[in-house]
Amino acid sequence: MSEQRFRLYDAAALAPVIQRMARQVLALLDETPTVLVGVLRRGAPLADLLQQAMREIDPARAPIRMDLLVKRYADDLTLLHPDTRLEAPADAGNILRGRRVIVVDDVLYQGFSLLRVCDWLRDC
């Protein structure tokens, strides 16, 4: 049986979704500096798109970007690592200090990656 993939959005259809998300996020933010944390691999490009859209709408409140590498599953959900591992930039604590954090990922399967990111953020 061959693997079938389904694409919900192409680039043209994704653009208005990202614009709407950017407006909704900005509506919830105050003047606290914000960091968009993209979960590598596929959350990071979405975070880039969201950052760009937020910058176009309100440049003064545009967030800075940072990426985290969270390892547990392959794209086909084959377990690669028994424990969810996280790799962050060496200066992550300085980047995050005093800023609001928004985590961007492309999928939520069982929540292991998001839980690991939240644990890491709590300990930063």
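The values are calculated or read from the model by the stated rules, or taken from the named source; none is laboratory data. Quick caveat: nothing in here was measured; it's all calculated off a predicted structure. Note that each Cβ is placed from the backbone with ideal geometry, even for glycine, and that neighbours are counted across all protein chains shown. SASA here: full protein model, heavy atoms, side chains in, ligands and nucleic acids out. Shrake-Rupley method; radii C 1.70, N 1.55, O 1.52, S 1.80 Å.
Once the whole set of protein chains is in place, how much accessible area is left on Glu31, using a 1.4 Å probe, in Å² to the nearest 10?
140
Could you calculate the contour length gain from Lys71 to Arg23, that is, 0.36 nm times the residue separation minus the distance between their Cα atoms, to one decimal place in nm?
That works out to 14.2 nm of additional length.
With a Förster radius of 35 Å, plug the Cβ-Cβ distance of Gln4 and Leu40 into 1/(1 + (r/R0)^6) and report the FRET value to the nearest 0.05.
That pair, Gln4 with Leu40, gives E of 0.85.
Regarding region 1-74, what's the average projected area of the Cα-atom convex hull, expressed in nm²?
6.4
Kindly state, to the nearest 0.05, the FRET efficiency for Asn94 paired with Glu56, given R0 = 22 Å and r defined as their beta-carbon distance.
Computed FRET efficiency for Asn94 and Glu56: 0.20.
Hey, can you rank 41-48, 98-105 by average C-beta count inside 10 Å, highest first?
Top to bottom by mean Cβ count within 10 Å: 41-48, 98-105.
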